[in-house]
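Read-outs throughout are calculated quantities, based only on the coordinates presented, and are distinct from any laboratory measurement. Only a predicted model underlies this, so the values are computations on that prediction, with no experimental measurement involved. Every residue, glycine as well, gets a Cβ built from its backbone with ideal geometry; the counts of neighbours run over all protein chains shown.
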Amino acid sequence: MTNLPDVMENEQLTVQRAIDGDQGAMRALWTRHAPHIDVVVRRLVGNDPDLAADVAQDVWIQIFRALPSFRGDAQFGTWAHRIAVNRTLNALRRTRRTAALEVDVEDDSASVEPEADRAILAASIEDAAARLSPGARTVFLLHDVEGYTHEEIAAQLGITAGGSKSQLFKARARLRTLLAHLIDAPASRSRPNTTEHAAPLH
């Protein structure tokens, strides 16, 4: 069984070698942490794989540039995760995808067509979050997934804490609408049809 302190110590040694310019150590860090960084970036970017790939590359450039400032107060993965979130938000600001954060989320629940039910039933929370507006999705992921406070989100995105709370409320309401199919469909299928055996009305 792998000893966690040994793993952490080995990673600290790998980080130190990377700081010293060891290319093999840099590759080892990338191999170990790239899958998680990719997930973080894709969640925040949404349905734009090209942008996500560009941002992920930029994140790793920044991680390696900032390595000399890594003091080891947190685990490397936690430190890199924070950089990934910050760089992704910067990229979204540059592409103006968060410019309308204070705009109300359109209530388009009626646009969910019956033929889309199968896709929604198979969707995860991450898939459903991708259906949110960019602003609502960003606030939802930062607050409910990343654990940021509304004040921290407001500072990151240039909005008010009240605006962050409003976006989160709307995001959760929209997700409840999208994910209701996941909850209600199995129950409705298992519920007996009482109308078939109902007594005739006289």
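Numbers for the structure displayed
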quantity: Convex hull volume per residue in cubic angstrom - Cα atoms of the range 1-97; calculated: 102
quantity: Using a Förster distance of 25 Å, the FRET efficiency for D144-A74 (Cβ separation, nearest 0.05); calculated: 0.70
quantity: Backbone HN-Hα couplings from phi across the range 40-56 [Karplus 6.51/-1.76/1.60, Hz, Gly and Pro as x]; calculated: 4, 5, 4, 4, 6, 6, x, 7, 8, x, 5, 5, 4, 5, 5, 5, 4
quantity: Gain in span if fully extended, I19 to I61, counting 0.36 nm per residue against the direct Cα distance; calculated: 13.8 nm
quantity: Phi-based couplings in Hz for the range 18-32 (Karplus 6.51, -1.76, 1.60; Gly and Pro marked x); calculated: 5, 4, 7, x, 6, 5, x, 5, 4, 5, 5, 5, 5, 4, 6
quantity: Residue-by-residue Karplus 3J(HN,Hα) for the range 75-92, coefficients 6.51, -1.76, 1.60, Hz, glycine and proline x; calculated: 5, 4, x, 5, 4, 5, 4, 5, 4, 4, 4, 5, 5, 5, 4, 4, 5, 5
quantity: Projected label distance in nm at R82 and W30, using a 7 Å step from Cα toward the beta-carbon; calculated: 2.4
quantity: Nitroxide proxy distance, nm - points 7 Å out along Cα→Cβ at T95 and F169; calculated: 3.0
